[in-house]
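As structure tokens, the structure follows; a few thoughts come after it.
No lab work stands behind these numbers, since they all come straight from the coordinates. Owing to the predicted nature of the structure, the values given are computational and were not obtained by experimental measurement. Cβ placement follows ideal geometry from the backbone for every residue including glycine, while neighbour counts extend to all protein chains displayed.
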Amino acid sequence: MTYKIRSSSLFLNRYLKVTDSGVIFVETALMGGKKKFSYGQIDYVLMSPANVLSFQVGNEVFSIQVDPFKPKHQQAVAQLTGMVQASTQQTVGFPVLPAGR
């Protein structure tokens, strides 16, 4: 499923597309462009009290304004946070030892 959050102004086109395989963040103004990330690349996700969704990949932070009353925005945030959380979960099990020891 694909969800899109659009937050554009007169001089800035910005959107976040959340897909099954990752996210696409687009910001076009004087500088910027299109960036694609898998969920495993995303280090942190934060929602501010002012409803600005931010996520960090390495040393870069990407932010977009979210309308908490729009169902599509709610679904996109839920998909993003759920997929990031699932990609960072570690499975714990018994160590694999070589045979004959």
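Since K36 meets every condition but one in (1) over 21 Å from M1 (Cβ atoms); (2) of a type in the set (D, E, K, R); (3) surrounded by fewer than 14 Cβ atoms within 10 Å (Cβ to Cβ), which condition does it not meet?
Going through (1) over 21 Å from M1 (Cβ atoms); (2) of a type in the set (D, E, K, R); (3) surrounded by fewer than 14 Cβ atoms within 10 Å (Cβ to Cβ) one by one, K36 breaks only (1).
Considering the stretch 5-19 alone, what residues qualify as being in contact (Cβ under 8 Å) with a residue 24 or more places away in the chain and farther than 15 Å from V61 by Cα? Please lay out each step first, then the result.
As a first pass, look at the stretch 5-19 and keep what is in contact (Cβ under 8 Å) with a residue 24 or more places away in the chain: 5, 7, 14-16, 18.
Selection gives I5, S7, V18.
For residues that are touching a residue at least 40 places away in the same chain (Cβ under 8 Å) and outside any loop (DSSP other than H, G, I, E, B), scanning just the stretch 63-72, find the one that is farthest from K17 (Cα to Cα).
Filtering first and then ranking leaves Q65.
Could you pull out the residue among L46, L53 that is on the phi < 0 side of the Ramachandran plot, buried (at least 17 other Cβ atoms within 10 Å of the Cβ) and part of a strand (DSSP E or B)?
L53
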